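One structure is given below, encoded as C-alpha cells.
The values are calculated or read from the model by the stated rules, or taken from the named source; none is laboratory data. Predicted, not measured: the structure shown is a model, and the values here were computed from it. No Cβ is skipped: glycine too gets one built from the backbone with ideal geometry, and neighbour counts run over all protein chains shown. When the accessible area is computed, the model is the full protein with side chains, heavy atoms only, and any ligands, DNA or RNA have been set aside. Shrake-Rupley method; radii C 1.70, N 1.55, O 1.52, S 1.80 Å.
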Amino acid sequence: MVHVLTRGGNVGLAQAGLTGPVVVTLTWTPAPGVDADLSAFLTTGAGRVRSDDDFVFYNQPSGAGGAVRHLGKSTRGGATVDQVRIDPAALPPDVEKVVIGASLDGAGTFGGLSGLAVEVGPEGGAAAVRCELAAGPETALVFAEVYRRGAEWKVRAVGQGFTTGLAGLATDVGVSVDDEPATAAPQAAAPAPAAPPVSTPPVSTPPVSMEKRRLVDLEKKLATSAPQMLSLVKTAGVSLEKRGLGEHTARVALVLDISGSMAALYRAGAVQRLAERVLALGLRFDDDGVVDVFLFGKDVHRPEPGLRLEGHQQYIADLTRQYRLEYDTRYGAAMAAVRQAYFGDSRERVEPQPAQVPVYVMFLTDGAPSDKAVATRQIRSASFEPVFWQFMGIGPERQFSYLQRLDDLEGRYTDNADFFAVAQDDLMGRRPISDDALFDRLMTEYPDWLRRARAQGLLLR
C-alpha cells in the first residue's frame, strides 16, 4: 500500500513498511532551459547543520560517513528523477533530521516545472510513500524531511519554497554560502589629505538589542524577587539557545483542562509545577511577561489577570477556588476561544492570516475530547494562522490516540502541532522529568514550525 501524503502530512517509516535504508526520489518534468538539482542537509535538533560537510549534493555526494548518499539523476519516461539514499540507523545521534530539497539549474521557477512529487521507498523497491506538490515563484523547494521523533523515524511532505534559490535553502539550515565577488569599481584619484581632527571620537561599542537588554533586566529582577523562577528561566534559556531562539519573541498561552478527572492532578500540584515551567517560557518569550490562561471543560473561561510573576506560586490554587471542575472535555471550544482571542475569528479558514508575532500554545489534558470533529476543524483552520499548538497529555500514551492523530493530521496548510505524554510521576514522582528535558520536549517541533511559518507567509518577520 502506498501512503499518499498531502503537504505537511507525515507517516512513520515503520508504519509505511520501511525498516531499513530508504531512497527518497524527487521527480519533475523539466522545461526548456530549466532543470533542478537535489540537495540534502543533515541537521541537529536546532534545525542547523553541524558543518558544511552536512551538505550533500552532486559535488559532495556523501554525508555522515555514507549514512546519506546522493545517487544522482536519471529519467523516468519524460520526467527527471533525482535520488538520495538515507540509512537512519547509521546517522549520528546528534543528527535528527535530513532535509531534502532541490534548486533550479537555469532560469525560471518551480512553478514552470510540472509533475513535482516526492516518493520514499526501500532500495530497489516500489514507493511506499508519495506526495505531489504544487509550486509558484520558488527557485528552491524543500520536498520532504526524514526526521527522528523519539525512537521513531518519520517522513514529512513539506513543499516549502524559497525565491532566493540554493542560497536561501542553504542558509536557512546554516550552510555558509559565499557571495559572488563584487566587480571592482574604477579607482578614483586619492583625495587631498584632510586636516587632522581636533579630537578623536570615542570608539563605539556594538549596540545591545532591546530583547537582550530586557532579558538582562529580567534576570536581575528575578535574582532578588524570585530566585527559584530565575533558575527555571535560565534553564529554559539554555534549551532556547540550542535552537537559535535565545532572543525570540512570541505570545504564550496556557490552556488547562478542568474536567473532573483532572482533580487529583490539581490537588497533587502537578498542574502548578507545569504552570511554573510555562511561565518561565512566557518570561523569556513574551515582552509583557504574562501568560494568557484559558480553562476548558464543558465551557471555556479566560481568567484575568493571566499567569505572571506576581502571585505565581498560588496561581493554580487560586484558580481552582474560583472555577469548579466541569464534567466534559471540549478541545474544539477551547481552541476556538484561543483563535478568537488572538486573531479575532474562530471560523473555518482557507487562506493564510499573517502576523508579526507568533503564538505558542501549551495545551494540557488528561483525556480525549467530546467534540473531536470540532477540534479537527479548528486545528486545520488554525494551520493558516501563526499559532503553534503543543499538546501534552498526562497519563499513559495509549489513552491519547486522538491527540496522536491530530499531531499527524493531513490536509493542513502547515504542520502546526506537536504532542507528547507524561505520567503523573514524571511531574511529581520521586524522580520527575528534569526541567531541561521538559523544556527540550516543549521545543521539539516549534523551531521547525517557525521556519515553515516564515517561508509560507504566516510570519512577517
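Listing for the model above:
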read-out	value
Exposure of Lys242 as accessible area (Å², to 10), given a probe of 1.4 Å and all protein chains	110 Å²
Phi to ³J(HN,Hα) by Karplus 6.51 cos²θ - 1.76 cosθ + 1.60 over the range 20-34, Hz, x for Gly, Pro	x, x, 10, 10, 9, 10, 9, 10, 6, 9, x, 9, x, x, 10
Portion, in percent, of the accessible area of the range 221-456 that falls on carbon or sulfur, probe 1.4 Å	46 percent
Two-site FRET efficiency, Ile433 against Glu219, from Cβ-Cβ distance with R₀ of 25 Å, rounded to 0.05	0.55
Cβ-derived FRET efficiency at R0 45 Å, Asp440 paired with Arg76, nearest 0.05	0.60
Calculated over the chain: convex hull of Cα atoms, volume per residue (Å³)	193 Å³
Backbone N under 17 Å from the Gln404 label point (7 Å along Cα→Cβ), restricted to the range 18-55	18
Stretch gain in nm, segment Ser231-Ala423, where the contour uses 0.36 nm per residue and the Cα spacing is subtracted	66.7 nm
Qualifying aspartates and glutamates (Cα of each under 13 Å from Cα of Lys97; at least 8 residues distant if same chain)	Asp54, Asp87, Glu145, Glu152, Glu445, Asp448
Over the chain, relative contact order from alpha-carbon pairs under 8 Å, at least 6 apart, %	14 percent
Reach of Lys372 by Cα under 26 Å, taken over lysines that are not fewer than 8 positions away in the same chain	Lys154, Lys298
The range 221-456, relative contact order in percent, only Cα pairs under 8 angstrom and at least six apart counted	20 percent
FRET E, pair Arg302, Glu152, Förster distance 41 Å, beta-carbon r, rounded to 0.05	0.65
For the range 221-456: accessible area per residue (Å², 1.4 Å)	40 Å²
